[in-house]
Amino acid sequence: MHDGIINDGKPERFVIQSCELCPLRAYWVIRCNSVDYVQHGVESSCYIGINAHLVNVQTGVVDTIGSAISVDDYLQDKYDQDAAMGNFYVLTPAFNRHDKTAMGNLRQKLACTYPQVVALLSEQNKHWLTGSRRVLLLAQQQLCGQGVPSTIRLVPETAGATPLDGQLCHADAVLLALRRRLQ
């Protein structure tokens, strides 16, 4: 048990709910909450907003994960970032301007002109989207479902790519992000 912040003049007491080693054995995943919630089931005493605390087994450094992301997603993002070795993940087209079918499909999905599609395929605009590898994989799946082939690359700089966050996991949002590149 741990005495924590003061609530209404009384010290709040916390207890560890669970402690487990992550699958790659690089972090301890520790979840805790108030004593009243964990030991007595008093739901009104449940603290929200923090999913877990990660303790690096090598360094002891603690990361706190908010409740908006799962531990698995957070860890995957960390592993992918380490694998990138300072580079950035970008989503790029997996076709060129000689593929008339793919160009026509992209033009239709974005409701734009052929010159705009050609511009999206140009060397200076081919880095469409950037973000974590995990989020770009979701975007790539969404685009594939819309008939727009793409690939994920590691590059030293994003060259104007539109950033995606974890909230953009449906086709309309990905297409909107691409449409914004036309402006």
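Annotations for the structure displayed:
- Portion, in percent, of the accessible area of the chain that falls on carbon or sulfur, probe 1.4 Å: 51 percent
- The mean sequence separation of alpha-carbon pairs under 8 Å and at least six residues apart, normalised by the residue count of the chain, gives a relative contact order of 16 percent.
- Unit charges at the beta carbon, dipole of region 26-135: most positive-side option, Gln81, Asn56, Thr101: Thr101
- Residues Ala159 and Asp72, FRET efficiency given R0 of 25 Å [Cβ-Cβ distance, rounded to 0.05]: 0.25
- Using a Gaussian network model of the chain in which every pair of alpha carbons under 10 angstrom is joined by a spring, one finds that among Thr162, Thr130, Thr113 the greatest mean-square fluctuation is at Thr113.
- Gained length - Thr101 relative to Arg25, 0.36 nm times residue gap less alpha-carbon distance: 22.7 nm
- 0 to 90° range, to nearest 10: angle between helix 100-110 axis and the chain longest Cα axis: 50 degrees
- Between Tyr74, Tyr37, Tyr89, the Gaussian network model of the chain with springs among Cα atoms under 10 angstrom shows the greatest mean-square fluctuation at Tyr37.
- Solvent exposure of the chain, expressed per residue, is 60 Å² of accessible area, with all protein chains present and a 1.4 angstrom probe.
- Available extension along the chain between Gln81 and Val62 is 5.1 nm, counting 0.36 nm per residue and deducting the alpha carbon span.
- Residues of region 62-77 with amide N under 15 Å of the 7 Å Cα→Cβ point at Ile48: 66-69
- A probe of 1.4 angstrom, applied to the heavy atoms of all protein chains, finds His98 with accessible area near 150 square angstrom.
- Most fluctuating residue given options Val148, Val42, Val90, as computed from a GNM of the chain linking Cα atoms under 10 Å: Val42
- Largest accessible area first, the listed residues Ser67, Ser44 line up as Ser44, Ser67 when surface is computed with a 1.4 Å probe on the assembled protein chains.
- Check: region 27-183 dipole with +1 on Lys, Arg Cβ and -1 on Asp, Glu Cβ, in debye: 880 debye
- Set against the labelled values [x] 130; [y] 163; [z] 142, volume of the Cα convex hull per residue in Å³ computed from this structure falls on [y].
- Using θ = phi - 60° in the Karplus curve 6.51 cos²θ - 1.76 cosθ + 1.60, the 3J(HN,Hα) couplings for region 113-125 round to 8, 4, x, 5, 5, 4, 4, 5, 9, 5, 4, 7, 10 Hz; x is entered for Gly and Pro.
- Helix 71-84 axis, angle to the chain major axis (alpha carbon atoms, nearest 10°): 50 degrees
- Take every DSSP beta bridge whose two residues both sit in region 33-183; close to 85 percent of them are antiparallel.
- Cα centroids of region 130-183 and region 40-112: 12 Å apart.
The values are calculated or read from the model by the stated rules, or taken from the named source; none is laboratory data. Keep in mind it's a predicted model, so treat the numbers as computed, not measured. For neighbour counting, all protein chains shown are included, and Cβ atoms are generated from backbone atoms with ideal geometry for every residue, glycine included. To get the accessible areas, we keep the full protein, side chains included, count just its heavy atoms, and leave off ligands, DNA and RNA. Shrake-Rupley method; radii C 1.70, N 1.55, O 1.52, S 1.80 Å.
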